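Have a look at the structure that comes next, please.
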Ligand SMILES: Cc1cc2nc3c(=O)[nH]c(=O)nc-3n(C[C@H](O)[C@H](O)[C@H](O)COP(=O)(O)O)c2cc1C
Ligand code: SF4
């Protein structure tokens, strides 16, 4: 059984309220941190090896140490609660069921960064969670954990919640900052990075909800203790939102030493593939990361068991690996059509492109049209190469990584399932009613022993 650091108390009745949360040991990390210097808090986070849980996996302590400190200029912490990546729904769970954990983590992090005004930018659709967070902020303030001179420490901090308008691009940190400032959520050209010029041109750190919640056990247990959980550069625990064709979809807090096979088939986690079907493929880190066929998902190209962590999931690069990303684990069984799945994702990215750069604005639309053509039985063989060519021209040529996020799913689908695309072209009527069947996949489909 994996150690639980974030969700250990999530099922305690009434944990959403301040009284129960405090009774269960809540806010002790704030008491501890306020007795440390701000540099010491940053140092603990560095020692923990915590990597950002929003997708890129950048070391949190290092990010904090980059924040500029010009004399007399306020600094800000912004928590990214936009969570719009298809397949990702872990932050929602944390905020809904144990909101004080985020508020506690924010107070410690704000102290470390010198932020007297911090923000939670939450996706517009999470309206009911906005109310839950505001209630938790009011309770924390009423009990002296927010506001002026917190617990007599001389540190002041306010937290405000800002709802977004429902655009995926506002999860990208610079688009989020634009939106927080009341503008259209267009990503900014970097540099300057938010650590130098963020909200209202002030030094800003943007961190994911789960990253900031993890600061609580790091301060409580110490950075070194936290770093003992996990493996390699994948320290601590990770929340995984598992969905698709599995018996037990849900949120799991895992120790990053377990194998992908155990995660999918063990009753402690996903409980195996639903309806007795077989595993065909998986998108292991949210919709933007490369899809992997079952054989490469469970075992790396070196023949080692693939583990649920940053290094192992990306082992082999994009040729044979994928990414941990945001932890949105989407499982596809033998009946799922890869072309249809890729087309659905392409529609999403075309819709969510902000339109600032032409490779993304035009390329996402072209990819959607070509995929629709192939999916509806009107495709030609040359379309597959054209798709490949378009995604190559988007990747790395845009202002923000949404372009890459749109290109990678298409590239991986063609790389690993080209035969399925060709089958669609060769069977223009059959592909409308039938999926590319199990018989074609003897080598790729996993049969549990
Ligand atoms: C298109 C796009 C959408 C993103 N959406 C989110 C999101 O919903 N939540 C999030 O934490 N990070 C998201 N990110 C990553 C953020 O830009 C940023 O790297 C992250 O919030 C940093 O937090 P971390 O270091 O704690 O992971 C997104 C990035 C891109 C390019
Ligand atoms: S890559 Fe796409 S979403 Fe990002 S700035 Fe360019 S057009 Fe906008």
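Among the residues of the stretch 184-198, is any in contact (Cβ under 8 Å) with a residue 40 or more places away in the chain and either assigned to a helix (DSSP H, G or I) or under 26 Å from residue 304 (Cα atoms) (or both)?
Within the stretch 184-198, not a single residue is in contact (Cβ under 8 Å) with a residue 40 or more places away in the chain and either assigned to a helix (DSSP H, G or I) or under 26 Å from residue 304 (Cα atoms) (or both).
To continue, here is another question. Residue check, residue 318 against (1) in contact (Cβ under 8 Å) with a residue 24 or more places away in the chain; (2) outside any helix (DSSP H, G or I); (3) farther than 27 Å from residue 78 by Cα, all met but one. Which one?
All conditions pass for residue 318, except number (2).
Residues 143, 131: which one is in contact with a helix residue (DSSP H, G or I) (Cβ under 7 Å, 6 or more places away or on another chain) and either away from ligand 1 (no atom under 16 Å from the Cβ) or touching a residue at least 60 places away in the same chain (Cβ under 8 Å) (or both)?
One residue alone meets the criteria, 143.
If you take the residues in the stretch 348-357 that are assigned to a helix (DSSP H, G or I) and surrounded by fewer than 24 Cβ atoms within 10 Å (Cβ to Cβ), which one is nearest to ligand 1 (Cβ to nearest atom)?
Going residue by residue through the stretch 348-357, those that are assigned to a helix (DSSP H, G or I) are 348-352.
After this cut, where a residue has to be surrounded by fewer than 24 Cβ atoms within 10 Å (Cβ to Cβ) as well, the list is 348, 350-352.
Numbers: 348: 11, 350: 13, 351: 12, 352: 7 Å.
Filtering the stretch 348-357 for residues that are assigned to a helix (DSSP H, G or I) and surrounded by fewer than 24 Cβ atoms within 10 Å (Cβ to Cβ), the one nearest to ligand 1 (Cβ to nearest atom) comes out as 352.
Okay, moving on. Go through (1) assigned to a loop (DSSP other than H, G, I, E, B); (2) within 11 Å of ligand 1 (Cβ to nearest atom); (3) in contact with a helix residue (DSSP H, G or I) (Cβ under 8 Å, 6 or more places away or on another chain) for residue 92 and report which single condition fails.
Among (1) assigned to a loop (DSSP other than H, G, I, E, B); (2) within 11 Å of ligand 1 (Cβ to nearest atom); (3) in contact with a helix residue (DSSP H, G or I) (Cβ under 8 Å, 6 or more places away or on another chain), the lone unmet condition for residue 92 is (1).
May I pose another question? Does residue 345 meet the test of being buried (at least 20 other Cβ atoms within 10 Å of the Cβ), modelled with pLDDT of 95 or more and either more than 16 Å from ligand 1 (Cβ to nearest atom) or outside any helix (DSSP H, G or I) (or both)?
Considered against the rule, which asks whether it is buried (at least 20 other Cβ atoms within 10 Å of the Cβ), modelled with pLDDT of 95 or more and either more than 16 Å from ligand 1 (Cβ to nearest atom) or outside any helix (DSSP H, G or I) (or both), residue 345 comes out as no.
What is the residue count in the stretch 199-224 for residues that are under 18 Å from residue 115 (Cβ atoms) and in a loop (DSSP other than H, G, I, E, B)?
2
Given the conditions (1) touching a residue at least 24 places away in the same chain (Cβ under 8 Å); (2) part of a helix (DSSP H, G or I); (3) surrounded by fewer than 22 Cβ atoms within 10 Å (Cβ to Cβ); (4) within 15 Å of ligand 1 (Cβ to nearest atom), which single one is not true for residue 108?
With respect to (1) touching a residue at least 24 places away in the same chain (Cβ under 8 Å); (2) part of a helix (DSSP H, G or I); (3) surrounded by fewer than 22 Cβ atoms within 10 Å (Cβ to Cβ); (4) within 15 Å of ligand 1 (Cβ to nearest atom), residue 108 is out only on (3).
For the stretch 324-357, which residues satisfy the criterion of being within 16 Å of ligand 2 (Cβ to nearest atom) and under 26 Å from residue 271 (Cβ atoms)?
345
Taking the conditions exactly as written (on the phi > 0 side of the Ramachandran plot, more than 16 Å from ligand 2 (Cβ to nearest atom), in the same structural domain as residue 400 (by TED's automatic domain parsing) and surrounded by fewer than 21 Cβ atoms within 10 Å (Cβ to Cβ)), does residue 377 satisfy them or not?
Yes: the conditions hold for residue 377.
Kindly list the number of the only condition in (1) more than 18 Å from the chain's Cα centre (by Cα); (2) buried (at least 19 other Cβ atoms within 10 Å of the Cβ) that fails for residue 85.
(1)
Looking at the stretch 196-203, is at least one residue surrounded by 14 or more Cβ atoms within 10 Å (Cβ to Cβ), within 11 Å of ligand 1 (Cβ to nearest atom) and closer than 24 Å to residue 66 by Cβ?
no
Still on this structure, please answer the following. In the stretch 168-183, what residues are within 16 Å of ligand 2 (Cβ to nearest atom) and either free of Cβ contacts under 8 Å to residues at least 40 places away in the same chain or touching a helix residue (DSSP H, G or I) at 6+ places or on another chain (Cβ under 7 Å) (or both)?
So in the stretch 168-183, the residues within 16 Å of ligand 2 (Cβ to nearest atom) come out as 168-179, 183.
Within the stretch 168-183, 168, 169, 170, 172, 175, 176, 177, 178, 179, 183 meet the criteria.
Hey, another quick one. Tell me which residues, restricted to the stretch 391-410, are surrounded by 20 or more Cβ atoms within 10 Å (Cβ to Cβ) and either away from ligand 1 (no atom under 16 Å from the Cβ) or in a helix (DSSP H, G or I) (or both).
Residues satisfying the conditions are 391, 394, 402, 403, 405, 406, 407, 408, 409, 410.
Could you go through the stretch 59-82 and let me know if any residue there is more than 18 Å from residue 195 (Cα to Cα) and within 16 Å of ligand 2 (Cβ to nearest atom).
There is at least one residue in the stretch 59-82 that is more than 18 Å from residue 195 (Cα to Cα) and within 16 Å of ligand 2 (Cβ to nearest atom).
Going by the structure shown, is residue 360 in the same structural domain as residue 390 (by TED's automatic domain parsing), assigned to a loop (DSSP other than H, G, I, E, B) and within 23 Å of the chain's Cα centre (by Cα)?
Against the criterion (in the same structural domain as residue 390 (by TED's automatic domain parsing), assigned to a loop (DSSP other than H, G, I, E, B) and within 23 Å of the chain's Cα centre (by Cα)), residue 360 does not qualify.
Condition first: assigned to a helix (DSSP H, G or I) and within 13 Å of ligand 2 (Cβ to nearest atom). Can you find one or more residues in the stretch 144-166 that meet it? Outline the logic, then answer.
Restricting attention to the stretch 144-166, the residues satisfying the condition of being assigned to a helix (DSSP H, G or I) are 150-152.
Subset that is within 13 Å of ligand 2 (Cβ to nearest atom): none.
No; the residues of the stretch 144-166 include none that is assigned to a helix (DSSP H, G or I) and within 13 Å of ligand 2 (Cβ to nearest atom).
Now for a different question. Check 323, 308 and return the single one that is under 19 Å from the mean Cα position of the chain (by Cα) and surrounded by fewer than 24 Cβ atoms within 10 Å (Cβ to Cβ).
Criteria check complete, one pass: 323.
The values are calculated or read from the model by the stated rules, or taken from the named source; none is laboratory data. All of these numbers come straight from a predicted model, not from anything done at the bench. Neighbour counts run over all protein chains shown; Cβ positions are idealised from the backbone, glycine included.
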